[in-house]
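Every number here is computed from the coordinates shown, using simple stated rules; none is lab data. These numbers were taken from a predicted model, which means no experiment stands behind them. Positions of Cβ are backbone-derived with ideal geometry, glycine not excepted, and every protein chain shown enters the neighbour counts.
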Amino acid sequence: MSTPSKLRILCLHGMVQNGTIFRKKTAVLRKKLDKIADLVYVTGPHLITDPKYTSEAAREAAADPNASEELKPYGWWFPISSYPNTEEGYYSGFKESVEYLKDVLVKEGPFDGIFGFSQGACLAAVMAELLENRSLMPHLVSPEFEHPAFRFAIVAAGFKPESQDATQSLFKGKIKTPSMHLVGEADTLIVPERMLALADVFEDPVIFKHPGGHLVPTNAASRNDILAFVSKFST
């Protein structure tokens with residue numbers, strides 16, 4: 001009997017991180033899922049050098065072409081406190097990140113699921129709905145776009161892009177893509193109420209609450225629950 005192929009999960013880091021950092025921070029989770037899933041990490045296209053969000057060392061790395069990529073702070077859009085929305089109503093850099101991810105989906109896909117943390121979780125939820133319902137924003141994801149809808153989404157410290165005018169048509173109805181939401185009860189950056197508000201727009205969301213702050217939980221309970229959720233899609 002042939003061995004079933006592994007699931008493929010696209011992983012989106014948080015702001016002022018990168019794919020390498022997110023891969024390291026989720027190493028124990030990746031090991032837990034290893035038999036059933038491959039986690040594919042990508043780095044956002046925008047270097048973030050705003051002093052409010054980055055250390056001096058990170059800004060120095062961003063300015064040094066010879067610095068290790070792991071040290072450089074990237075994001076999926078620029079900080080909204082310092083960058084106004086574009087004339088089209090998008091967060092600065094958001095639309096470019098959607099185009100970047102579409103390119104990843106076509107060239108490196110298909111992917112069964114998407115997993116995002118914080119800013120990456122917000123974008124993961126947006127991508128899940130755009131792929132599921134091509135009529136919402138066809139100029140971003142058209143009916144002809146060749147990648148199918150995700151089979152599932154894992155959303156850690158996620159939130160709605162509430163101040164982004166261009167995406168106000170999103171999150172109005174229930175998203176049918178099965179989802180799991182990781183909610184840190186001590187998170188002060190993205191408070192639990194915002195995470196739960198995003199979870200509420202999904203149909204029958206699986207919610208895992210943990211006592212930690214702004215992070216992806218990697219304790220035994222969280223690993224077991226995430227494995228149980230992902231295993232439902234492994235056939």
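Structure values in brief
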{"quantity": "Qualifying position, being within 22 Å of Tyr41 (Cβ to Cβ), under 17 Å from the mean Cα position of the chain (by Cα) and not aliphatic (A, V, I, L, M), among Phe159, Phe202", "calculated": "Phe159"}
{"quantity": "Counted residues, region 194-207 - those being surrounded by fewer than 18 Cβ atoms within 10 Å (Cβ to Cβ) and not in a helix (DSSP H, G or I)", "calculated": "5"}
{"quantity": "One residue from Val40, Val28 being among the β-branched types (Val, Ile, Thr), touching an Asp or Glu at 6+ places or on another chain (Cβ under 8 Å) and in contact (Cβ under 8 Å) with a residue 12 or more places away in the chain", "calculated": "Val40"}
{"quantity": "Qualifying residue in region 48-57 (condition: among the hydroxyl-bearing types (Ser, Thr, Tyr) and touching a residue at least 60 places away in the same chain (Cβ under 8 Å))", "calculated": "no"}
{"quantity": "Hits in region 68-94 (condition: of a type in the set (D, E, K, R) and surrounded by fewer than 21 Cβ atoms within 10 Å (Cβ to Cβ))", "calculated": "Glu69, Glu70, Glu87, Glu88"}
{"quantity": "Filter pass, Gly93 being touching a residue at least 60 places away in the same chain (Cβ under 8 Å) and closer than 30 Å to Pro148 by Cβ", "calculated": "no"}
{"quantity": "Unmet criterion (only one of (1) part of a loop (DSSP other than H, G, I, E, B); (2) farther than 30 Å from Ser234 by Cα) for Glu70", "calculated": "(1)"}
{"quantity": "Test set (1) hydrophobic (A, V, I, L, M, F, W, C); (2) within 18 Å of Ser163 (Cα to Cα); (3) in contact with a helix residue (DSSP H, G or I) (Cβ under 6 Å, 6 or more places away or on another chain) - Leu189 fails condition number", "calculated": "(3)"}
{"quantity": "Hey, Glu129 in a helix (DSSP H, G or I), under 19 Å from the mean Cα position of the chain (by Cα), buried (at least 20 other Cβ atoms within 10 Å of the Cβ) and not small (Gly, Ala, Ser) or not", "calculated": "yes"}
{"quantity": "Which listed residue is crowded, with 20+ Cβ neighbours inside 10 Å and over 15 Å from the mean Cα position of the chain (by Cα), from His139, His210, His181, His147", "calculated": "His210"}
{"quantity": "Of residues in region 95-126 being among the hydrophobic types (A, V, I, L, M, F, W, C) and not in a helix (DSSP H, G or I), the one surrounded by the fewest Cβ atoms within 10 Å (Cβ to Cβ)", "calculated": "Phe111"}
{"quantity": "Those residues of region 25-67 which are part of a loop (DSSP other than H, G, I, E, B), of a type outside the set (Ser, Thr, Tyr) and surrounded by fewer than 18 Cβ atoms within 10 Å (Cβ to Cβ), in sequence order", "calculated": "Asp34, Lys35, Ile36, Pro45, Asp50, Pro51, Lys52, Asp64, Pro65, Asn66, Ala67"}
{"quantity": "Unmet criterion (only one of (1) farther than 20 Å from Ala27 by Cα; (2) out of contact with any strand residue (DSSP E or B) (no Cβ under 6 Å at 6 or more places or on another chain); (3) buried (at least 20 other Cβ atoms within 10 Å of the Cβ)) for Phe152", "calculated": "(2)"}
